[in-house]
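What follows is a short report on a single structure.
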Amino acid sequence: MRAPRGTGIVLLALFAAAPPALVGQQDAAAAGKVVYDRWCAECHGEAGQGDGSAAASMLPRPRDFAQALYQIRTTGSGQLPTDADIRFAIENGLPGTTMPGWPNLTDQEIDDVIVYLKSFSRFFAQGPAPEPLDFGSDPGGGPAAIEAGAAAYLTMLCEECHGLSGRGDGTSAPTLEDWRGLPIRAADLTEAWVFNGGSSVEDMHTRMLTGLDGTPMPSAIDAMNSGVVSPDEVWQLAHYLASFGPREMPPLREVIRVGRAEGGLPADGGEEAWAGVEAFHFPLSGQVVQLPRNFAPTVDGLWVQGLHDGIDVALRVQWNDPSNSPDPNWDEWQNKITAALDLDGAEPIALDSAGAPTVRPPDAVLLQFPFEMPEGTDRPYFLMGDAREPVYLWTWDSETGVGAARGRGLDSVEPLAEDPVAGEATWEEGRWTLYVRRPIEVESDGLDFVEGTPTPIAFQAWDGSSAEVGKRSSVSTWYYILLEPPASSTVVVTPLLAMLLTGAFGLVLVRRAQDRRRDR
Amino acid sequence: MRRYLSHPFWQGAIVVVASYVAFEYVIGYVLPVIGVASAPVPSSVIVEYMLIVLVGVLLYMSADEERWQRFREPIRATMVQPDRRTVRGILMVAFPVLIGWLAYERVKPSYAAPATLRAVHPAPPNQLTFRGETIELTGLENPLREEGSMEEHLAVGKRIYVRNCVPCHGDLLDGQGHYAQAFNPVPADFTSSGNLPQLTESYVFWRIVKGGPGLPREGTPWDSAMPAWETILEQDEIWATILYLYDQTGFPPRTWEEEGGHE
């Protein structure tokens, strides 16, 4: 390993100041440096300033340890973390960012690397060790607590950033910046599995009291001290947050089951018609396969529901996107993302003389199917097919609406002359709801759904306000969609018949054997 | 115990049960644990295999008259003897239920994804073209092991890996990058002893250069999200990344001698 330039100086400084108790620290820092150089330096930088070689392709950026601004703390706003806090971040990682946990490191290695991380900042050497806050105790959850929490959510102005439904679409959301001036999303509170500090009620309560240093997320302590809310109300707020959605990422199920609609298909994406229809969650990834790549996409997953009536199939697709693009309120956000994120060679959107973007791309989603039903398990290339095997696309964008197209690769899309796909989309409180519908069989093309037989399906999504256009999208690989056949009697009759026949056959055999014995 | 083991009927029963355990559990679950690439056998295939085993056992038993008689003896006894009434009753119910259940398994509506039997490490081609240049793979060694400074190669490899591969293969090289869950099949786990140490560096080079689109057809080519890096990286950058993969995981690559001895 090459010796990082800064470390010699850091270690020297430690030595120079060394009271005897620090000698053990020096050994630990040296051991920690070995771990750090091996696993951490490429992101956090050789001198810990969060400026590693790939930092520009990451949003949020790797932590700058020289600033000592830690998010995961049990200490007050603006204070240093305890060693246990840093350990928590290293062991559990910061979900939703490029830094997952480090279960491969031993306890000793983590202890050592913590000493080394702290040596990057002069703050840790000054003053006494930080003390954890007193978090009080949870007065308990339940409907009443959740209701009180919902009130506190408004009193404490959480919705200004996080939005009324918690999807990160508050009025201030487009303006949020971290301490570096880089754009930062107010967390989507309906996706607790990407919270940095854990998703339990205790975790969320802790984050509220401590705030997330280096981000606009404030600490609730001031509001508590000035009597705006009581300590119990902050706990109740945490219970309210826990009611926003599942704590864990929903388990992946590969096959979307499309049931038969009793009494006709829903005519739109409205809530009443779709309540009770099973919803399937699919995580999306940035398109990181072909240039230019999207290293930090907005849309990280979508929910799909389906119904059919033997003639048409209707799907409802929902995904969270804080901006209803194109929206001039998000101009500055779009500019900041363009400037902050490694666009991987994509042409940045030009600005006019007033500094506004010349293009405001729409939001968009694609549902992708094979163009012809393939033989066996063969499928077109998951990134919109290729010249040999094209894909059938149900397209939607916020400017031109729903359509149908043939795809022969990410940059080759041609609309179909005869377009059998109909539908519409609505945006509400940070969520798109897309309703699409198509006949099960269409004469002019090769995509016919067969009841009971799985058809491959894949997804793609764009957030226009984050300058996502062309290949810079969110993608998935292939899953399946399956239209349930009408209930059939064979499921009951065949096994019954098989049982009866075997039973009768057995009886005859036994009877014959016994007869023969008696005869003898 | 002895008596049972030397009796044709129980021998047959043991073969049938052992085959079932092998098909159902050993192939799918035990082999992967001891590092052999394998996957669970679909239930319809198991039924077919079991029929073959059954026919085989019956053929063997009936090939010899005396063995056949001894084989049939306990079956006949259960059917006729008064003191085996209870066993007879239980079997007369259990057998039809088993058949009924097998029939139900066949006809019940299935909402499972079709089984794709993916060859995880399909045979590599003998040569490949890198942006039009033909490269022989057989016998090919990592050229960077012979030239320049290993320290610098590893630094390059790490830089390439973190920018390009981390989203899928992860910081820990364990195939659990922050986007890994969006992909099916999942990104390869380089810390598994079933991957890197079983592969020559030229094999890994081929996989990185051609990615998912370059897999032969038996690998159900179009599913893998693994990019074809020849459009993005230079040859030396790929070789350096391979050095980094082996160095960071601590595995030695498979050598051509081992590869030769294997075939």
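Readers should treat all values here as calculations from the given coordinates under stated rules, not as data from a laboratory. Treat the numbers as computed from the prediction; the structure is a model and nothing was measured. Note that we place each Cβ from the backbone using ideal geometry, even for glycine, and neighbour counts take in every protein chain shown.
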Rg to Rh, two decimals, where the stretch B:162-232 supplies the alpha carbon set and Rh follows Kirkwood
0.94
What number comes out for the charge environment of A:G259, summing +1 per Lys or Arg and -1 per Asp or Glu over other residues with Cβ under 13 Å away?
-2
Placing one equal point scatterer on each C-alpha of the stretch A:97-253 and summing with Debye, one gets log10 I(q)/I(0) at q = 0.14 Å⁻¹ equal to -0.85
Under 20 °C and 1.002 mPa s, how fast does chain B diffuse according to Stokes-Einstein, given a Kirkwood radius computed over C-alpha pairs? Answer in µm²/s, whole number.
93
What three numbers, in Å, describe the spread of the alpha carbons of the stretch A:316-355 along their principal axes, ordered from the longest?
39, 25, 14
Taking H as built 1.01 Å from N, whose amide H comes closer than 5 Å to the amide H of A:G48, not counting residues under 5 places away?
none
FRET efficiency estimate (nearest 0.05) - Cβ-Cβ, A:N104 to B:V55, R0 56 angstrom:
0.65
Using the count of nearby Cβ atoms within 10 Å as a rough guide to exposure, how do A:L366, A:L241, A:L252 rank from fewest to most?
A:L252, A:L366, A:L241
Can you list, bin by bin at 10 Å, the percent of alpha carbon pairs in chain A, starting at 0?
3, 15, 22, 21, 17, 10, 5, 3, 2, 1, 0, 0
When DSSP assigns beta bridges and you keep just the ones with both residues in chain A, what percent turn out antiparallel, to the nearest 5?
90
Using the basic label-point model (7 angstrom from Cα toward the beta carbon), what is the B:A94 to A:N329 distance in nanometres?
7.0
Taking the alpha-carbon centre of each part, the distance from the stretch B:68-96 to the stretch B:191-218 in Å is 55
So what's the stretch B:103-164 giving for Rg/Rh, alpha carbon basis, Kirkwood Rh from the mean inverse pair distance?
1.30
Report, to one decimal in Å, the Kirkwood hydrodynamic radius for the stretch A:238-345 based on all distinct Cα pairs.
17.2
What helix-only [θ] at 222 nm does chain A give? Using -39500 (n - 2.57) per DSSP H run of at least 4, over all residues, to the nearest 500, the answer is -8500 deg cm²/dmol
Shielding score for A:286-297, defined as the mean number of other chain Cβ atoms within 10 Å:
4
Just the Cα atoms of the stretch A:362-466: what Rg and Dmax do they give in Å?
13.9, 43
Final fewest-first order of A:D268, A:D363 on the 10 Å Cβ neighbour count is A:D268, A:D363
List the relative contact order of chain A as a percent without decimals, with contacts defined as Cα pairs under 8 Å and 6+ residues apart.
13
The stretch A:143-242: relative contact order as a whole-number percent, Cα under 8 Å and 6+ apart:
34
Round to a whole angstrom and tell me the spacing of the C-alpha centers of the stretch A:143-187 and the stretch A:435-499.
36
Pulled fully out, how much extra length does the chain show between A:E248 and A:S230, if you take 0.36 nm times their separation in residues and subtract their Cα-Cα distance?
3.6 nm
Set A:K118/A:K336; B:K158/B:K210; A:K33/B:K158; A:K33/A:K336 screened for pairs whose C-alpha atoms are more than 23 Å apart
A:K118/A:K336; A:K33/A:K336
³J(HN,Hα) across the stretch A:311-320 via Karplus (A = 6.51, B = -1.76, C = 1.60, θ = phi - 60°), whole Hz, x for Gly/Pro?
10, 10, 10, 10, 10, 10, 10, 10, 8, 8
Separation between Cα centres of the stretch A:373-417 and the stretch A:27-83, rounded to whole Å:
43
Where does helix B:85-107 land angle-wise versus the long Cα axis of chain B, in degrees 0 to 90, nearest 10?
40
Residues in the stretch B:152-166, backbone N under 17 Å from the label point at B:F130 (7 Å along the Cα-to-beta-carbon vector): list them, ranges by number please.
B:153-154, B:156-158, B:160-161
Explain nothing, just the number: relative contact order of chain B, from Cα pairs under 8 Å at least 6 residues apart, as a whole percent.
15
If you build the convex hull over the alpha carbons only and average its shadow over all orientations, what do you get for the stretch A:203-256? Give it in nm² to one decimal.
5.3
Taking H placed 1.01 Å from N in the peptide plane, check which residues at least 5 places from A:Y479 or on another chain put their amide H under 5 Å from its amide H.
A:I457, A:A458
Rg/Rg_ref, the stretch B:2-107, where Rg_ref = 2.2 N^0.38 Å and atoms are Cα
1.30
Tilt of helix B:65-80 relative to the longest C-alpha principal axis of chain B, in degrees (0 to 90, nearest 10)?
70
Please sort through the DSSP H helices of chain A and keep those with an alpha-carbon extent of at least 20 Å along the long axis and a Kyte-Doolittle average not below -1.0.
A:22-39, A:490-519
